[in-house]
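The values are calculated or read from the model by the stated rules, or taken from the named source; none is laboratory data. These numbers come from a predicted model, not from an experiment. With ideal geometry, Cβ positions are generated from the backbone for all residues, glycine too; neighbour counts draw on all protein chains shown.
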Amino acid sequence: LDRMRTAASRTRESLSTSLDSVLALGRTVDEDTLEELEAVLLTADLGVTTTNEVIGNLRARALREKADAAELKGLLREELQRILDSVQQPTDHPAQAPEVIMMVGVNGTGKTTTSGKLAALYGTHGRRALLCAADTFRAAAIEQLEVWAKRSNVDVIKTRQGGDPSAALYDALTAGKARGVDIVIVDTAGRLHNKAGLMAELDKMRRTAEKLVPGAPHQTFLVMDATTGQNGLQQARLFLESARVSGIVLTKLDGTAKGGVVLAIARELKLPVVFVGVGEKMEDILPFNSDNFLTSLLG
Ligand code: GDP
C-alpha cells in the first residue's frame, strides 16, 4: 500500500497540486473552473474521451447541486470511482488446477519481469507456479525468465529460441499437470510488426491450452507500460483483437506522473487494471485497489 502510494504520489504531486489550485477554497464553480479541471485531467493522462465524459457529468452535477469547489472534488472522486467500478476484477481461481495465465503485450512493456514477479507473489500466497518461456522470439527473453524463475524459486519450461511457442506451452501444461502446480504463467512474444502472425500465434496457443486444461487460458493479462500513456492504449487495442484479454497489468507506474491512464483503460478498453508494477525488483508488484488508487490520485 505504501509503495503504491509512493508510486502514485508522482501522479498525485501533479494532479493533486493542480487540483488544489483549481479547486481553491471559496471559489465558486463556473465554466472556468471546469475548463481548468479539464486541462488537469488531460495532463494526468485520462485521455480526451474519458476527460470529456467526466467533465460533462461534473458540469451537469455541479450546476444541479450548486456545488462549491470542495464539493466538486468529492463529485470528481465519485465520477472516477464509477468508471473503475464499471469494469469487473477477474473472478476466483478455477476449481481444477492448474490455472493458466497468459501474459501478452508489446515488447519492452514488462511481460517477462511481470511473469517472474507474479510467480513470486503467488508463491507468498501458497500457490505454486510454473513459468513457461513462450517468448521464443525476443533474444534473451528465455534466459531472462530463467533468472526470474531462480529468484522466485519456481521451475521454468522452455524451448529453444525461434522454436514454436505452442510447443513450449504444451510442454509446460503437461509438466504443470504432472507436478501438480497451482498456476502456469506463460510469457509470450510481443512482436507487433506482423499482426496476422501475432493473431495466429496467440490463437494457436489458446487452442493448445484449451486442449490440455479445461477452460484454459483462465486469464489473459495484457501488460501495458504506464509511461507510454495514450500511445500504449492504441497498441493495446491490437491485442484486444487478437487475444481474449481479461485484465491489464500496468507497469512502470513508479516512473510516471500519468497514472490517470488507469481510468482511460477502464472507460475505453472496458478492462480492469489487475496489478500494477512499481519498480524492477521482485516485490515491486501490487494488486490494484481502486480506493487506494483514487486516494493517491486525488489526495
Ligand atoms: P518484455 O519485453 O515485455 O518481456 O519486457 P521486460 O520484462 O524485459 O521489461 C522491460 C524493462 O522494463 C526491463 O528493464 C524491466 O526491468 C523494466 N520494468 C518492468 N516492469 C517495471 C516496473 O514496474 N517499473 C520499472 N521501473 N521498470 C520495469
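Tabulated data
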{"item": "Identity of the residue in region 40-93, of a type in the set (Gly, Ala, Ser) and touching a residue at least 12 places away in the same chain (Cβ under 8 Å), that ends up surrounded by the most Cβ atoms within 10 Å (Cβ to Cβ)", "result": "44"}
{"item": "Hey, residue 56 among the small types (Gly, Ala, Ser) and within 16 Å of the ligand (Cβ to nearest atom) or not", "result": "no"}
{"item": "Single unsatisfied condition, residue 171 versus (1) at pLDDT below 90; (2) touching a Ser or Thr at 6+ places or on another chain (Cβ under 9 Å)", "result": "(1)"}
{"item": "Subset of region 121-148 that is in a helix (DSSP H, G or I) and touching a strand residue (DSSP E or B) at 6+ places or on another chain (Cβ under 8 Å) - its residue that is nearest to the ligand (Cβ to nearest atom)", "result": "141"}
{"item": "Candidates 176, 197 - the one that is more than 14 Å from the ligand (Cβ to nearest atom) and at pLDDT below 95", "result": "197"}
{"item": "Any hit, region 228-247, residues being assigned to a strand (DSSP E or B), buried (at least 18 other Cβ atoms within 10 Å of the Cβ), within 15 Å of the ligand (Cβ to nearest atom) and touching a residue at least 24 places away in the same chain (Cβ under 8 Å)", "result": "no"}
{"item": "Answer from 78, 99 - the residue that is farther than 30 Å from residue 210 by Cβ, of a type outside the set (S, T, N, Q), more than 16 Å from the ligand (Cβ to nearest atom) and modelled with pLDDT of 90 or more", "result": "78"}
{"item": "Single residue of region 253-263 satisfying the filter (buried (at least 22 other Cβ atoms within 10 Å of the Cβ) and in a helix (DSSP H, G or I)) that is nearest to the ligand (Cβ to nearest atom)", "result": "253"}
{"item": "Filter pass, residue 63 being within 16 Å of the ligand (Cβ to nearest atom), outside any strand (DSSP E or B) and of a type outside the set (Gly, Ala, Ser)", "result": "no"}
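This table checks each residue for (1) within 14 Å of the ligand (Cβ to nearest atom); (2) surrounded by fewer than 23 Cβ atoms within 10 Å (Cβ to Cβ); (3) touching a residue at least 12 places away in the same chain (Cβ under 8 Å); (4) closer than 21 Å to residue 99 by Cα.
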site	(1), (2), (3), (4)
214	no, yes, yes, yes
226	yes, no, yes, no
251	yes, no, yes, no
285	yes, yes, yes, yes
296	no, no, yes, no
